[in-house]
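Enquirer: One structure coming up, written as structure tokens, with questions to follow.
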Amino acid sequence: MTAKTIGIIGGGQLGRMLAMAAARLNFRTVILEPQADCPAAQVANRQIVGAYDDPAALAELGRSADIVTYEFENVPVLAAERLAEDVPVFPPPKALAMAQDRLTEKRFINGCGIPTARFHAVGSQADLEAALADFSGKGVLKTRRLGYDGKGQRVYRSSADSPAGGYAALGGVPLILESFVAFEREISVIAARGADGAVACYDPAENVHRDGILHTSTVPATISDATAAAARDAAAKILAALDYVGVIGIEFFVLADGGLIANEMAPRVHNSGHWTEAACVVSQFEQHIRAVAGLALGNAARHSDCVMQNLIGDDILSVPDWLKRDGVLVHLYGKTEARPGRKMGHVTELKSRH
């Protein structure tokens, strides 16, 4: 196979794992990332040190790569569109545009026939007060853009929580108020679509968050076959509507009757899919490389049940103990400084074999 070069915008742990998967398939990788010696650059062939929207850095990436992808959804859309004039960019930039704005994302998902929580656009304090009144004083106020891992949010748990100053407290930027959803558990589906329209979906994972950050993903999820099938079907609809190429992560709330409410989508490989590295022959990272490079998608079946756990901050100190356990894959991200809330690595423990 010709050793083509794949450009990756973003140099964090997801870019690192993509570069590792690319190397196994004989691809070279070049990373665009402003932080020198980022986690991805430690395993890639080359790094371009520059901002994600720097015209010179983007031009250099376009000259250096045969295909470009990205590891996070806050890549500037205009930069991705400019780059796509010179080199194929997957997933398509329009997927970035949909995922970067929570209001646009909700409307898009609803347009695919998939339910979400109720929501209101909030552009002022008056909008916030009217929206809260419609939701009986309850809801989750979020920035429409640039929020992740629980950041950029404010929760109103009852009418006793005063809305006063709520709009200004989140920066006076465009916001969205989402209604509470009475759900039993959270799941996510990692799915891939090739350039030929072929789709492969991994089994849904059941996710537990702590302080707004993913703590564990367990497979299989405690859901019915019908619910799992509905999640895969929803993912396929979203992929088709975007004419998507690559891997996507879609999070859902599972209701008491087994119904699904879509929460959000991420047009990239996803933290809740790290378990595929240990429990599937073809991981989400290899699947993404296959898709963007125009190769056949791999089988997404899992050979084992498992639990993936993030190592956050000082959790890194537990690594020696994890290494003593059988059936555990330990993956560290090359970060030297452990800070509260910082993802330092993950472990996946196999529970049983099929």
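Computed from the coordinates by the stated procedures, all read-outs in this text should not be read as laboratory data. Because the structure is predicted, anything quoted here is derived from the model rather than measured. Cβ coordinates were reconstructed from backbone atoms using ideal geometry, including for glycine residues, and neighbour counts include every protein chain displayed.
Enquirer: Report ³J(HN,Hα) in whole Hz for each residue of the range 211-216, in order, from the Karplus equation J = 6.51 cos²θ - 1.76 cosθ + 1.60 where θ = phi - 60°; Gly and Pro get x.
Expert: Here the 3J(HN,Hα) series is 6, x, 10, 4, 9, 9 Hz.
Enquirer: Going by Cα centres, the range 248-289 and the range 1-40 are how many Å apart?
Expert: If you average the Cα positions of each part, the centres end up 21 Å apart.
Enquirer: Evaluate the Kirkwood expression for the hydrodynamic radius of the chain, namely the inverse of the mean inverse distance over all pairs of different C-alpha atoms, and round to one decimal in Å. Let's see the in-between values first.
Expert: Details: mean 1/r = 0.0477 Å⁻¹.
About 21.0 Å, per the Kirkwood formula over Cα pairs.
Enquirer: In the range 169-308, if the dipole is taken from +1 on Lys/Arg beta carbons and -1 on Asp/Glu beta carbons about the Cα centre, which of L214, A236, G294 is farthest to the positive end?
Expert: My answer, from the dipole projection, is G294.
Enquirer: Tabulate in residue order the Karplus-calculated ³J(HN,Hα) for the range 27-36, using 6.51 cos²θ - 1.76 cosθ + 1.60 with θ = phi - 60°, rounded to whole Hz; enter x for Gly and Pro.
Expert: Coupling constants for the range 27-36: 9, 8, 9, 10, 9, 9, 7, x, 7, 5 Hz.
Enquirer: Show the residues, 5+ positions off or on another chain, whose built amide H is closer than 5 Å to the amide H of R118.
Expert: For R118, whose amide H was placed from the backbone, the distant partners under 5 Å are S179.
Enquirer: Give me the net charge of D243's neighbourhood, meaning all other residues with Cβ under 13 Å from the Cβ of D243; Lys, Arg count +1, Asp, Glu -1. Show your work: numbers first, answer last.
Expert: Details: positive: K94, R193, K237; negative: D196.
Residues close to D243 contribute a combined charge of +2.
Enquirer: Same structure again: Which ³J(HN,Hα) values, rounded to whole Hz and listed in residue order, are derived for the range 110-115 from phi using the Karplus coefficients 6.51, -1.76 and 1.60 in 6.51 cos²θ - 1.76 cosθ + 1.60 with θ = phi - 60°, glycine and proline given as x?
Expert: Rounded to whole hertz, the list is 4, x, 8, x, 10, x.
Enquirer: If the cut-off is 25 Å between C-alpha atoms, which lysines fall inside it for K142, apart from same-chain ones fewer than 8 positions away?
Expert: Leaving aside lysines fewer than 8 places away in the same chain, those within reach of K142 are K94, K106, K151, K343.
Enquirer: Net charge near L132, counting Lys/Arg +1 and Asp/Glu -1 over other residues with Cβ under 9 Å of its Cβ? Present the calculation step by step, with values, prior to reporting the outcome.
Expert: Numbers: positive: K138; negative: E129, D134, D161.
In short, -2.
Enquirer: Please build a GNM for the chain, connecting alpha carbons under 10 Å apart, and tell me which residue among K142, K324, K343 fluctuates the most.
Expert: Of K142, K324, K343, the most mobile in the Gaussian network model is K324.
Enquirer: What's the local net charge at T218, with K and R +1, D and E -1, over the other residues with C-beta under 9 Å away? The partial results should precede the final answer.
Expert: Details: positive: K351; negative: E206, D305.
Local charge sum for T218: -1.
Enquirer: Ignoring everything except DSSP H segments at least 4 long, calculate the 222 nm mean residue ellipticity for the chain; use -39,500 (n - 2.57) per segment, divide by total residues, nearest 500. Write down the numbers at each step before the final one.
Expert: Numbers: 11 runs with 97 residues, N = 354.
Calculated at 222 nm, the ellipticity per residue is -7500 deg cm²/dmol.
Enquirer: Each label point is 7 Å from the Cα along the Cα-to-Cβ direction; what then is the distance between the points at N299 and Q125, in nm?
Expert: Distance between label points: 6.1 nm.
Enquirer: Most fluctuating residue of A19, A266, A296 in a GNM of the chain with Cα springs under 10 Å: which is it?
Expert: Top of the fluctuation ranking is A296.
Enquirer: With the cut-off at 1.5 for a/c, could you classify the range 154-251 from its C-alpha gyration tensor as rounded, prolate or oblate? Write out the running numbers ahead of the final one.
Expert: Details: a/c = 2.68, a/b = 1.70, b/c = 1.58.
Since a/c reaches 1.5 and a/b is larger than b/c, the shape of the range 154-251 is classed as prolate.
Enquirer: Can you tell me the order of 258-265, 236-243 when each peptide is scored by its average per-residue count of other Cβ atoms within 10 angstrom, highest first? Mind dumping the intermediate values first?
Expert: Numbers: 258-265: 19.8, 236-243: 18.2.
Per-residue mean Cβ counts within 10 Å order the peptides as 258-265, 236-243.
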